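The structure appears right after this line, and notes come after that.
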Amino acid sequence: MKYKRILLKLSGEALVGEKGSGIDPEILIKYSNEIKKAYDKGVEIAIVIGGGNIFRGLTGSEDGIDRVQADYMGMLATVINGLALQNALENMDIPTRLQSAIKMESIAEPFIKRKATRHLEKGRVVIFASGTGNPYFTTDSAAVLRAIEINAEVILKGTRVDGIYNEDPEKNKEAIKFDNISFEETIKKGLKIMDTTAFTLSKENELPIIVFDMNTKGNLTKVVMGEKIGTKVSK
C-alpha cells in the first residue's frame, strides 16, 4: 500500500450523473463501491465533497444573491451531499462520521481535528461538510486544509478526466497529458487544478495532489496501492 491515509476530493457535479441535476443514486452507489474497495485494503479515508450539483455560491452571487449568503447556501448543499454519501456508504456496512464546519448537531458532528483523526484510526470514513465554514473559500480549499489537519499523505482529486493536460482534452483531442508535474511548472503553465488558495496551501505544505478519473472502475484502489494512475503534482 502506497498511501495509508488519504483525503478524497469529489465534486458535487459528479453526483448528477444522467439526471441533469440533484443526486443520481446510481452514481452514489458507484462511488461508494470504489471507496469500499480502497477501505477494504485498510486505507484510512477522509472525504470532502462539493455542492455544485445543488447550489454553487459563486454562480448564485452572479445571479444577484449576496456573495456571503450565496456561499453559505453552497455550504449547506455540501451537507446534503455528505448525508447522501454517508447513507450510501453505511448501506455497504462502512462505518462513517459526518463532520460539519457549521454546527448542526442533529445531523453532523462539529469538526474537531482530534476527533476526526481518532475516527480514522478506528476505521471510520470521515466526510467533511460545509467547506471551511467561511465564505469566499471553495471546497478545494477545504479539502487541502482538512488534509493538512488530519496529516493525510495525499489529496486524491477524483474527476471525469484521467489526469492533467496542457489543454482541455474534452475540447482538444490532441491535448498532452502529464504523468508527473511540479507545483512550480503547474503555476507557470497556468493549469487550473484547484483554485489558487487551495493550490498554494498544498504547495507550501508539500502535500501532493493526484488528479485521476474517479469514474473508471478500480482506479481509486490502484492509486492508493501505488499504481501510476492519473497525474501527480508534487514538489
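The values are calculated or read from the model by the stated rules, or taken from the named source; none is laboratory data. What you see is a predicted model, and the numbers here were worked out from it, not measured in a lab. Neighbour counts are summed over all protein chains in view; Cβ atoms, including those assigned to glycine, are modelled from backbone coordinates with ideal geometry. Please note that ligands, DNA and RNA were not included when accessible areas were found on the heavy atoms of the full protein model with its side chains. Shrake-Rupley method; radii C 1.70, N 1.55, O 1.52, S 1.80 Å.
Taking 0.36 nm per residue of separation and subtracting the Cα-Cα distance, full extension of the segment from Asn172 to Glu206 would add 9.1 nm.
At 0.36 nm per residue, and after removing the present C-alpha to C-alpha distance, how many nm does the segment from Glu13 to Thr216 gain when stretched out fully? Working shown, then result.
On the way: separation 203, 0.36 × 203 = 73.08 nm, distance 1.65 nm.
Extending this stretch completely gives an extra 71.4 nm.
From the cross-link list Lys36/Lys173; Lys19/Lys171; Lys19/Lys41; Lys37/Lys228; Lys30/Lys235, which pairs have alpha carbons spaced over 28 Å apart?
Working: Lys36/Lys173 33 Å; Lys19/Lys171 23 Å; Lys19/Lys41 32 Å; Lys37/Lys228 18 Å; Lys30/Lys235 32 Å.
Over 28 Å Cα-Cα: Lys36/Lys173; Lys19/Lys41; Lys30/Lys235.
Kindly point out which whole DSSP H helices in the chain project their C-alpha atoms 18 angstrom or further along the helix axis while averaging a Kyte-Doolittle hydropathy of -1.0 or above. Span-like helices in the chain: 25-39, 67-90. Largest GNM mean-square fluctuation among Glu105, Glu34, Glu149, using the chain with Cα springs under 10 Å: Glu105.
Are there GluC sites (Glu not before Pro) in the range 158-235 that DSSP marks as loop and that have at most 16 other Cβ atoms within 10 Å, and which are they?
Working: sites: Glu167, Glu170, Glu174, Glu184, Glu185, Glu204, Glu206, Glu227; in loops: Glu167, Glu170, Glu174, Glu206, Glu227.
Taking the range 158-235 and a limit of 16 other Cβ atoms within 10 Å, the loop GluC sites (Glu not before Pro) found are Glu167, Glu170, Glu174, Glu206, Glu227.
Once you reduce the range 17-41 and the range 43-98 to the center of their Cα atoms, the two points are 15 Å from each other. For the range 1-89, the set of trypsin sites (Lys or Arg not before Pro) satisfying both a DSSP loop assignment and a count of at most 15 other C-beta atoms within 10 Å is given as Lys2, Lys4, Lys19, Lys41. In the full protein context, the range 1-76 carries 47 Å² of accessible surface per residue, based on a 1.4 Å probe and ignoring ligands, DNA and RNA. Taken along the Cα-to-beta-carbon direction at a fixed 7 Å, the label points for Met92 and Glu105 span 3.3 nm. Springs between Cα atoms under 10 Å define the GNM used for the chain, and in it the highest mean-square fluctuation of Ala175, Ala129, Ala14 occurs at Ala175. Using the Cβ-Cβ distance between Glu185 and Arg67 with R0 = 35 Å, the FRET efficiency computed as 1/(1 + (r/R0)^6) comes to roughly 0.60. Entry comment: accessible area of the range 77-156 is 42 Å² per residue, from protein heavy atoms only and a probe of 1.4 Å.
Just add up the charged neighbours of Glu90: K/R +1, D/E -1, any other residue whose Cβ is under 12 Å from the Cβ of Glu90.
With Lys, Arg at +1 and Asp, Glu at -1, the neighbours total +2.
Note the listed values (1) 123; (2) 148; (3) 260, then indicate which one is volume of the Cα convex hull per residue in Å³ calculated from this particular structure. This structure yields the entry labelled (1).
Taking the chain as a Gaussian network of alpha-carbon nodes connected by springs under 10 Å, the highest mean-square fluctuation of the residues Ser106, Ser61, Ser21 belongs to Ser106.
In whole percent, how big is the carbon plus sulfur part of the accessible area of the chain, probe 1.4 Å, protein atoms only? The value for the chain is 48 percent carbon and sulfur by accessible area. Each Lys and Arg adds +1 at its Cβ and each Asp and Glu adds -1 at its Cβ; summed about the Cα centre, the range 82-235 shows a dipole of about 260 debye.
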